[in-house]
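Down below is the structure, laid out as structure tokens.
The values are calculated or read from the model by the stated rules, or taken from the named source; none is laboratory data. As the structure is a prediction and not an experimental result, all values here were calculated from the model. Positions of Cβ are backbone-derived with ideal geometry, glycine not excepted, and every protein chain shown enters the neighbour counts.
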Amino acid sequence: DTAIAPLAAVAGADECAPLADGTEIAYANLDYAASAPALAAVAEAVTTALTGYASVHRGAGHLSQVTTRRYEQCRETVRRFVRGRTDDTVVFTRNTTDALNLAAHCVRGDVVVLDIEHHANLLPWVSRETGATRIVTARDTIEATLDAVECELAAAPAALLAVTAASNVTGEVLPIGRLAAIAHRQGARILVDAAQLVAHRPVSVVSHGIDYLVFSGHKLYAPFGAGVLIGRPDWLDAADPYLAGGGASAAVAVVGEPDANCASTAWHTGAARHEGGSPNVLGAVAIAAACEAITEIGFETIGHHEHILRNRLDAGLAAIDGVTPLRIFEDAPDRVGIAGFDVDGHTPRAVAEYLSDHHGIGVRDGKFCAHPLLNRLGRPDGAVRASFGLGTGSADIDRLVDAVGRLAVPHRADAHRPGTRCAGT
Ligand code: PMP
């Protein structure tokens, strides 16, 4: 029951939130799964990069060269962070959604997905014209789900298994190494959507046997606007550029003059092929800084911190009558700091508004871009989701549990709310 302090300094930690009664209270951000606040170390790295930069890959000038080197080093930092192969291509994208659309653009043949996926790992596949998308319903246990995936892959050849590493609704972690082994045994490759895992657990492309990995900077304690696809170069180099334009093209000539109406283009291979236009260098710098800061804190420390908070949250919510946690699997051995739940008699929106308006706590409500899963779990109107990370301490969890308890059991007096009142109120 001992108090646990946040593990790292994050942006917005001193934010005050206005309450419905006109006072203000220290804001408790429990919405890390949507976007995690920037680590102080990341903000510092971006501020430093802002003090001097120039266009990458194009200029001969000093700052252009420095910025180009910095940008390319970011790829190496990301590769090291997820233990990528030396010949893997590291493409900077806008976010996970963009990385998955890029992957979908490059993959030929059938793709197998689970029905628990975020829409980002569902819609790019189903909108393709270069292969079918076969959707496997997750079972009540991970073991049965692995069997179902293997049966589907064995039933007909598939090019790829595209699967989330951790559910953005329940935080349940999937055994990606075992899924990779199943995919490979059945002649498919595997793509892992690690948007909800990379900030919380170590990922090793090499030892898990991952062919493609995607994630977003803004869930990794970096700001919005940059993400990553890392993976085997062959399919990426065989596909047309994802974004045709300067940077992706090595040589362009107009053919059939005069009045030419087509151009002959030689495209680059590697990351440049899919990074047309001027890249988001500061986004890459931020992601690299986040990778380094997280490595410095260490996944063992992070895992321990999150485990303690997770148990506190689970135990606190379990003790409240009328609160039901969302679970996909009965046997998930590990869960990151994401808890979907609902409160009897209150819509998810009403719960989220109550937590914000009366307690200064930020959570998310809705269907979390995972409509098939929420529908299957019998939550057509969605649920509430609290999520946390490095900037969260036990006081934040206790405030949430206390507030949910007051809503679920309304006769409890609304006095003595925990949380620090902000100056002047
Ligand atoms: N996959 C998962 C598992 C996610 O949680 C999210 C974000 N909620 C995404 C993909 C999409 O990420 P982004 O919005 O950064 O593209």
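Some notes on this structure:
- Options 217, 231: the member that is of a type in the set (Gly, Ala, Ser), surrounded by 21 or more Cβ atoms within 10 Å (Cβ to Cβ) and in contact with a Phe, Trp or Tyr (Cβ under 7 Å, 6 or more places away or on another chain): 231
- Selection status of residue 166, surrounded by 20 or more Cβ atoms within 10 Å (Cβ to Cβ) and under 18 Å from the mean Cα position of the chain (by Cα): yes
- Elements of type strands (runs of 3 or more DSSP E) contained in the range 257-364, each with 1 or more residues being under 25 Å from residue 14 (Cβ atoms): 338-343
- Against the test of being in the same structural domain as residue 72 (by TED's automatic domain parsing), within 11 Å of the ligand (Cβ to nearest atom) and closer than 20 Å to residue 336 by Cβ, the options 216, 207 yield a single qualifying residue, 216.
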